[in-house]
Amino acid sequence: QVQLVESGGGLVQPGGSLRLSCAASGSIFSINTMAWYRQAPGKEREWVATITRSGSTANYVDSVKGRFTISRDNAKKMVYLQMNSLKPEDTAVYYCNAELMTDYNTGWRAYWGQGTQVTVSS
C-alpha cells in the first residue's frame, strides 16, 4: 500500500511564504515524476508544478512562475513546494501527486495525497 502525506499548509498573510512537503511511503519500487496540484473552492483541480525523476527539470503553471519552486529528495521519497510572495488567489487545497511503480512489473500509476489547506488572507 502506498501513501502520500502532505504537510506544511496553513494561514499566511499576502506576501508571505509557506513550504509544503509530501512524503511517499509504503510498497514503492520506483518513483517517476512528482507534482503539485491545487483546488480552490468551487473550481476544478489545477496543475501547479511538476519535477522530473532526476530533479533536473521543473515546470510551472504561469500563475506561479517566479514565486513557487518545486524540489525533491529521492533518498527520502519526498517532494517540496516552496511558495513565496503568496497571493489570496493562491488559496486552495494543495495535493501531492506521484507517478510510481510498486513492483518492477506493475507499470507506472498515479497516486494522490489527501491534501493540505493553504489560505492566504490578511
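The values are calculated or read from the model by the stated rules, or taken from the named source; none is laboratory data. Everything numeric in this text was worked out from a predicted model, so none of it was measured. FYI the Cβ positions are ideal-geometry reconstructions off the backbone, even for glycines, and counts take in every protein chain you see.
General remarks:
- Among the residues of region 1-17, those that are within 24 Å of Ser54 (Cα to Cα) and either of a type in the set (D, E, K, R) or not in a loop (DSSP other than H, G, I, E, B) (or both) comprise Val2, Gln3, Leu4, Val5, Glu6, Ser7.
- Selection count, region 11-28, where residues are at pLDDT 95 or above, surrounded by fewer than 14 Cβ atoms within 10 Å (Cβ to Cβ) and more than 16 Å from Phe68 (Cβ to Cβ): 4
- The set of residues in region 70-122 being assigned to a loop (DSSP other than H, G, I, E, B), of a type in the set (Val, Ile, Thr) and more than 19 Å from Ser25 (Cβ to Cβ) consists of Thr91 alone.
- Complete set of residues in region 93-103 that are buried (at least 22 other Cβ atoms within 10 Å of the Cβ) and hydrophobic (A, V, I, L, M, F, W, C): Cys96, Ala98, Leu100
- Looking across region 19-69 at every residue that is assigned to a loop (DSSP other than H, G, I, E, B) and of a type in the set (D, E, K, R), the one that is farthest from the chain's Cα centre (by Cα) is identified as Lys43.
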